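Undergrad: Structure in structure tokens, see below.
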Amino acid sequence: MSAAVPAAAQAAERSEPAAQPAGRKLLTVEHLTMRFGGLLAIDDVSFEAYDRQITGIIGPNGAGKTTVFNCLTGFYKPTAGRLTVHHGDSRQFLERMEGFRIAKDARIARTFQNIRLFPAMSVLENLIVAQHNHLMRASGYSVFGILGLRRYRTAERAAIGKARYWLDKIGLVAQADVPAGSLPYGAQRRLEIARAMCIDPRLLCLDEPAAGLNPTESHELNQLLISIRDEQNIGVLLIEHDMSVVMRISDHIVVLDYGRKIADGSPETVRTDPNVIRAYLGEEEDKQLPDVVKRDLPEVTRE
Amino acid sequence: MTGFVDTIAREPKSLVGRIAKDAIITGIIVFILGSQLVGIETIDDPQGLRFETRYLDVLAAVLIVAGGRAGLHLLRAAIAWPVLIGSVVFSAIAIGSTFNEGWQLLPFSNPIVDWIFAMAGVFLAIRSVVVLIRGRAPAGKPTSTMDMISAQTQRFSPYAALAMIGFALLLPVLFPERRVVDMGILVLTYCMLGWGLNVVVGLAGLLDLGYVAFYAVGAYSYALFAHYFDWSFWACLPLAGAMAAFFGLILGFPVLRLRGDYLAIVTLGFGEMIRVILINWWWFTGGPDGIRDIPRPTFFGLAFEKTAAEGVATFHSVFGPILDIEFEPLHRIIYLYYIILLLSMIVCAFTLRLRRLPIGRAWEALREDETACRALGINPRNTKLTAFAIGAMIGGFGGAFFATRQGFISPESFTFIESAVILAIVVLGGLGSQLGVVLAAAILIGLPEIFRELADFRMLAFGAGMVLIMIWRPRGFLAHRDPTVLLHGKKAQRAGPRAMASEGAG
């Protein structure tokens, strides 16, 4: 699949500094546990994410990656654990916050595995809705807006300017006024990332952004993510199945399997970690079997 | 008998033969069904129930269905001229015999049957004209044409709105008749209610089947304040709005977590609750007897009455000498008309403006995807509650106006059917479309008033119209959404979003 990506571009991507100078600590996850009835979806997972770093979360299907995201962004209340966001010296605890406040106050933005745009609204409107809280204040909670005061109009122009900046970055300026639902799939993915960026996040959580993209689009996505990390100075948390994406752009990878963290480190260390290899490729058959079965195996299969 | 069946079963060679066969079969089916449904009428006699036969009506049904089907098939085969001539002649005869007593060409006793004949003829005639103009069967792309029309309408809506406002302003001058002005008041009231409900249903996407509750709260707020404290209409109008908004919040809180059908059921129950409370709290609200003698609105303290109470001047005694007018009861109606015109224009401007504000965009975003809204830091609770409160407030204004116009209110005016009519106006007009609401209000409220003689068939026509709209325009007459903010301006938009999209994709 990487054959379709221009070789030169691939080389350029590799030559980028693999590990950015890590910024301050942004997010600490401690002993995160999530239980759905009898199912232990996440079991005592702890990791950290930093400013100006892309932290990848990988793992086989059903490993609990999206559940971690849902806990982080307030869609689930974790059964146990502490999720701390560091604001310089002050801290916020995500597990205690109401869902929408995580985006509003803690400034954690997310995208969804199955794209969730506002399909009937135009591309530009999607980006303006993301600046809702800022615009709401500027419009005096609609009072100034109804009166048409200049203060609100200036704020709206600024919001359009910001939206335009992101449209430029994802290459959708020409389609700004068409309904978001009419965009092609890849463009919708990029728009969702741009929309998340419009809330001015400190941490951007991306849930499988490369799913369903062709190699060219996936390459563009990598460029976008790297530029977000380097130019916006924010942290990125990335769930991804596509190993080529994760290994190429992550600064730091957390591997989950059956809800447990099995590895944590730079792409190189994770790639060679025996636990990770076992989780992805499985192990030899007889290693998994209990001793009793293993003892009887030759007899049973004799025939 | 077998010979007949064989003849029927054989596939005729020629096109006309096939069509005729199809029409005959349809006619037979209609005869079988209609001989029981239409042909027998039960009559409640003092001696007991008996029935009468209506052979002619069955014959009419068979003729209409068989002829209509043959006509449609002919049109599909692009044989338009005979259909056009036939249908025009037919509808001319039918219309003629409804209006002209002495010119009875059709043998039917019931004028309704003549009407149905005429409608069927007109429908076929329109279809055949369409076929003739396009030169082919209209089965091609009817929806896209309609979409284009609604997009075009949306584009010209500023001009259409100006023309409509001009017409509305001049209406009492052009037609100084009580009937016309009364109808204008009614249509405008429903426009206003439609715009209010549009905020909740069209923008925020919260299906509210109990909107009439807020209408009732507004009406009763004014009536009770006037009854117990003698407050005037103008003092009570904001109060009625505030009360209704408060009730909107009361309804809003428990239903925050509900969506779709569940929300609709709860709002339906809320609407009934308010009505039942109004009936049973008899010592305060007057119960089923309602409240009478609600004061009329005054014009800066001047009453529209022949002889006003002590200390109150009347409009004609002050303005009579200046404008050279006598007292006339119509003046009060016209004054009411201008009040509701002003109110509805304010509501229209207000809701249009809200849609372009962050709160309006948040409503629409909430309608599209609540989960995504939460991930963007939009507070779904407050956003929903504002939608409920603002929609309810507009309903409350409408209710206060209703109370002052009627002078008498009782819980009977606030039944579920009112909610249904307002919702129908919003849905038929096209969710979220201001102009669509006006169109639908004019059709739903105006037409039944014009066709008063056919009152028995009102609900039938209402249902049929709903079904047709749901088939042809499932998103309403003018369901075309214009973005609230444009990056490239209107011109680029007109040049065609299609062109822009392809340019970007290339």
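None of the figures in this text is laboratory data; all of them are computed from the coordinates on show. Here the structure is a predicted model, which means the values were calculated and not measured. No Cβ is skipped: glycine too gets one built from the backbone with ideal geometry, and neighbour counts run over all protein chains shown.
Undergrad: Let me check I have the definition right: for the range B:256-390, take the eigenvalues of the Cα gyration tensor, multiply each by 5, take square roots. What are those semi-axes in whole Å, largest first?
TA: Working: eigenvalues 386, 118, 22 Å².
Value: 44, 24, 10 Å, ordered largest first.
Undergrad: Averaged over peptide B:376-386, how many Cβ atoms belonging to another chain are found within 10 Å of each residue's Cβ?
TA: Numbers: counts 17, 19, 9, 8, 2, 2, 3, 3, 0, 0, 2.
That works out to 6 on average.
Undergrad: For peptide A:131-141, compute the average count of partner chain beta-carbon atoms within 10 Å of each residue's beta-carbon.
TA: Values: counts 4, 11, 6, 2, 5, 8, 1, 1, 3, 0, 5.
Other-chain Cβ atoms within 10 Å of each residue's Cβ, averaged: 4.
Undergrad: Amide H neighbours of A:Ala263 under 5 Å, at least 5 residues apart or on other chains, H built in the peptide plane: list them.
TA: A:Val255
Undergrad: Shifting gears a bit: Which value, in nm² and rounded to one decimal, describes the direction-averaged projected area of the C-alpha convex hull of the range A:115-199?
TA: Working: hull surface 20.7 nm².
Seen from a random direction, the Cα hull of the range A:115-199 projects 5.2 nm² on average.
Undergrad: Using a 7 Å offset from the Cα along the Cα-to-Cβ direction at both B:Val16 and A:Asp105, what is the distance between the two label points in nm, to one decimal?
TA: Each label point lies 7 Å from its Cα, and together they span 8.3 nm.
Undergrad: Return, ordered by residue number, the residues of the range B:57-73 whose backbone nitrogen is under 20 Å from a label point located 7 Å along Cα→Cβ of B:Ile40.
TA: B:57-62
Undergrad: Counting only other chains, and only Cβ atoms inside 10 Å, what mean value do you get across the residues of A:101-109? List each step's numbers first, then the result.
TA: Working: counts 3, 3, 6, 5, 1, 1, 1, 2, 3.
Mean partner shielding for this stretch: 3.
Undergrad: To continue, here is another question. Where a ≥ b ≥ c are the square roots of the eigenvalues of the C-alpha gyration tensor, would you call the range B:148-472 rounded, which needs a/c under 1.5, or, failing that, prolate if a/b is larger than b/c, or oblate?
TA: Taking the square roots of the gyration eigenvalues as a ≥ b ≥ c, the range B:148-472 is prolate.
Undergrad: Another question, if that's okay. Would you calculate the separation in nanometres between label points at B:Val88 and A:Gln232, each defined as 7 Å from the Cα along the Cα-to-beta-carbon direction?
TA: Result: 6.6 nm between the two label points.
Undergrad: Just want the ordering: B:Thr267, A:Thr67, from fewest to most Cβ atoms lying within 10 Å of their own Cβ. Working shown, then result.
TA: Numbers: B:Thr267 24, A:Thr67 21.
Listing B:Thr267, A:Thr67 from fewest to most nearby Cβ atoms yields A:Thr67, B:Thr267.
Undergrad: Could you tell me which of the pairs A:Lys104/A:Lys162; A:Lys65/A:Lys104; A:Lys65/A:Lys261; A:Lys104/B:Lys384 are separated by over 20 angstrom between their Cα atoms in the structure shown? If you can, show how the numbers build up before the last one.
TA: On the way: A:Lys104/A:Lys162 18 Å; A:Lys65/A:Lys104 23 Å; A:Lys65/A:Lys261 10 Å; A:Lys104/B:Lys384 17 Å.
Those over the limit are A:Lys65/A:Lys104.
Undergrad: Compute the acute angle (0 to 90°) between the alpha-carbon long axis of helix A:215-232 and the principal axis of greatest extent of the alpha-carbon atoms of chain A; round to the nearest 10°.
TA: Long axis of A:215-232 versus the principal axis of chain A: about 60 degrees.
Undergrad: Sticking with this one: For chain A, modelled as a Gaussian network with Cα springs under 10 Å, which listed residue fluctuates most, A:Val246, A:Val270, A:Val178?
TA: The residue that fluctuates most here is A:Val178.
Undergrad: Return the FRET efficiency for the residue pair A:Tyr165, A:Arg278: r is the Cβ-Cβ distance, R0 is 60 Å, and the value is rounded to the nearest 0.05. Spell out each step's value before the answer.
TA: Numbers: r = 45 Å, r/R0 = 0.75.
So the FRET efficiency works out to roughly 0.85.
Undergrad: Taking each pair of distinct Cα atoms in the protein assembly as shown once, what is the resulting Kirkwood hydrodynamic radius in Å? Don't skip to the end; give the middle numbers.
TA: Details: mean 1/r = 0.0312 Å⁻¹.
Final number for the Kirkwood radius of the protein assembly as shown is 32.0 Å.
Undergrad: In addition: Using a Debye calculation, one point per C-alpha and no hydration shell, please list log10 I(q)/I(0) for the range A:143-275 at q = 0.16 Å⁻¹ in order.
TA: After summing over all Cα pairs, the log10 values are -0.89.
Undergrad: A:Leu238's amide H: which non-local residues (gap 5+, or another chain) put their own amide H closer than 5 Å, with H modeled 1.01 Å from N in plane and none for Pro or chain starts?
TA: Residues meeting the criterion, in which the H sits 1.01 Å from N, are A:Thr55, A:Gly56, A:Ile57, A:Leu206.
Undergrad: Averaging over every viewing direction, what projected area does the convex hull of the Cα atoms of the range A:62-108 cover, in nm²?
TA: Values: hull surface 13.7 nm².
So the Cα hull casts an average projection of 3.4 nm².
Undergrad: Can you give the angle from 0 to 90° between the axis of helix A:291-300 and the longest principal axis of chain A, with both taken from C-alpha atoms, to the nearest 10?
TA: Helix A:291-300 and the main axis of chain A meet at about 60 degrees.
Undergrad: Next question. Taking springs between alpha-carbon atoms closer than 10 angstrom, which of A:Pro119, A:Pro201, A:Pro78 fluctuates most in the Gaussian network model of chain A?
TA: Looking only at A:Pro119, A:Pro201, A:Pro78, the biggest GNM fluctuation is shown by A:Pro119.
Undergrad: If you look at just the Cα atoms of chain A, how large are its Rg and its Dmax in Å?
TA: When restricted to the Cα atoms of chain A, Rg and Dmax are 21.9, 89 Å.
Undergrad: While we're here: Starting from the range B:304-393, pick out the trypsin sites (Lys or Arg not before Pro) whose DSSP state is loop and whose Cβ has at most 16 other Cβ atoms within 10 Å.
TA: B:Lys306, B:Arg356
Undergrad: Where does each of A:Val129, B:Val421, B:Val347 land when they are ranked from fewest to most other beta-carbon atoms within 10 angstrom? Each step should come with its number before you reach the end.
TA: On the way: A:Val129 28, B:Val421 20, B:Val347 24.
In increasing order of surrounding Cβ atoms, one gets B:Val421, B:Val347, A:Val129.
Undergrad: Let me ask something else about it. Can you give the angle from 0 to 90° between the axis of helix A:150-170 and the longest principal axis of chain A, with both taken from C-alpha atoms, to the nearest 10?
TA: Helix A:150-170 and the main axis of chain A meet at about 40 degrees.
Undergrad: Under 15 Å from a point 7 Å along the Cα-to-Cβ line of B:Leu63: which residues of the range B:71-89 have their amide N that close?
TA: The answer is B:86-89, whose backbone nitrogens lie closer than 15 Å to the label point.
Undergrad: Same structure again: Hey, what number do you get for chain A at 222 nm if only DSSP H runs of n ≥ 4 count, each worth -39500 (n - 2.57), divided across all residues, to the nearest 500?
TA: On the way: 14 runs with 129 residues, N = 303.
Here the helix-only value at 222 nm equals -12000 deg cm²/dmol.
Undergrad: I need B:Asp289, A:Asp43, B:Asp261 ordered by Cβ neighbour count within 10 Å, fewest first.
TA: Details: B:Asp289 12, A:Asp43 16, B:Asp261 9.
The most exposed by this proxy come first: B:Asp261, B:Asp289, A:Asp43.
Undergrad: Quick one: which residues, 5 or more positions from A:Arg116 or on another chain, have an amide H under 5 Å from its amide H? H modelled 1.01 Å from N in the peptide plane, none for Pro or chain starts.
TA: Amide H neighbours of A:Arg116, under 5 Å, 5+ apart: none.
Undergrad: Here's a follow-up. Select from A:Ala103, A:Ala187, A:Ala158 the residue whose mean-square fluctuation is largest in a Gaussian network model of chain A (Cα-Cα springs shorter than 10 Å).
TA: For chain A, modelled as a Gaussian network with Cα springs under 10 Å, the answer is A:Ala158.
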